[in-house]
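Presented below is the structure to which this report refers.
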């Protein structure tokens, strides 16, 4: 089949509401008309979210430690335990950061850190209970690598571990540590991190006990388009079985200050292509998040026309991406103006996408 006809056949399939295959997703990641792809992804977004709104939340990323035995090559944040700038926050320090976040309107804290060799489940149980006793806030915390690390240290199986953490106050699990769910890639960029199957097993167990999670992807290290498509396939298949992924969140690798060198960063066009394909392929995951943090505000705004219905958080604190040399920041009003400028209605949400604040429509969106 000629190249143009091949892509037209996929576009027609999508227009008819049919599910595309993983091979077709790979083909769309490789080529085809980007604007047509964006139009199809935006149509899918309107089908799933017909209210013309784009959402965001206010949260704080609290990195409780930068000490990590994983030593991923793409990470500029981790430190060895004897490094002069290594740290571990006390429960009191985390509570102070949480209190400040609540005063600033946060509805969520995301607690993530390195795989500390000496931290056990007791630290996290005390931490989560202390937060819940003092604040009405969602604890969306501990990526699958952290969960697997705690399982190994505690000797508890994943189900028992997650049930104990949930009883202490853990509400949901972010998808950090996925990078690309290909063991070839993982051996090159994070050889000491959990395998793709281990990442998936944490998510499957979390879903089985009723927890909600998010799926993620980091593009731009050493992966191929075939591996990106295979990553999406794993998420879609699990979502078909469980239905517990709230959102899919892709972002781009930033090489600054890390050991992993790349020829060039992912372009805005390549990022938008991945985002649009994700919206079309992941037809069973309700929310797709655009990344103003790694792409900047302008591309973040454009992402709302390539399938994204959400722009994540204004992030009162963020340290991991900043460690790689990216310093994008945004205020609540700037986020509202950005969404309005895209022709959408801004709405502030909680972790579960419950709307907590709607902003008046300005003349710019009329």
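Computed values, structure above
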quantity	calculated
Percent RCO, i.e. relative contact order, over the chain, from Cα pairs under 8 Å lying at least 6 residues apart	23 percent
Nitroxide proxy distance, nm - points 7 Å out along Cα→Cβ at residue 352 and residue 8	4.8 nm
Value at 222 nm in deg cm²/dmol, rounded to 500, when DSSP H runs of n ≥ 4 in the chain each add -39,500 (n - 2.57)	-13500 deg cm²/dmol
Translational diffusion of the range 118-198, µm² s⁻¹ [Kirkwood Rh, Cα pairs; Stokes-Einstein; 37 °C; 0.692 mPa s]	241 µm²/s
Fully extended contour minus Cα-Cα distance, from residue 267 to residue 30, at 0.36 nm per residue	84.0 nm
Within a Gaussian network of the chain (alpha carbon springs, distance under 10 Å), most fluctuating of 228, 184, 236	184
Highest-MSF residue in the chain out of 12, 284, 63 [GNM, Cα springs under 10 Å]	12
Average silhouette area of the chain, convex hull of alpha-carbon atoms, in square nanometres	17.8 nm²
Protection proxy ranking, peptides 297-303, 145-151, average beta carbon neighbours within 10 Å, highest first	145-151, 297-303
C-alpha center-to-center spacing [the range 203-242, the range 151-180] in angstrom	17 Å
The chain: angle of helix 158-168 to the longest principal axis, Cα-based, in degrees nearest 10	70 degrees
Rounded FRET efficiency, nearest 0.05, which uses the C-beta distance separating residue 126 from residue 226 and R0 of 51 Å	0.70
Cα convex hull of the range 137-276, projected area averaged across orientations, nm²	9.3 nm²
Candidates 158, 293, 29, ranked by Gaussian network fluctuation over the chain, Cα under 10 Å, top entry	158
Net lengthening on full extension, residue 133/residue 19 (0.36 nm per residue, minus Cα-Cα)	36.5 nm
Of all DSSP beta bridges in the chain, antiparallel share, percent nearest 5	15 percent
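Readers should treat all values here as calculations from the given coordinates under stated rules, not as data from a laboratory. Every value quoted in this text rests on a predicted model; they were computed, and no experiment measured them. Heads up, the Cβs are rebuilt from the backbone with ideal geometry, glycines too, and the neighbour counts pull from every protein chain shown.
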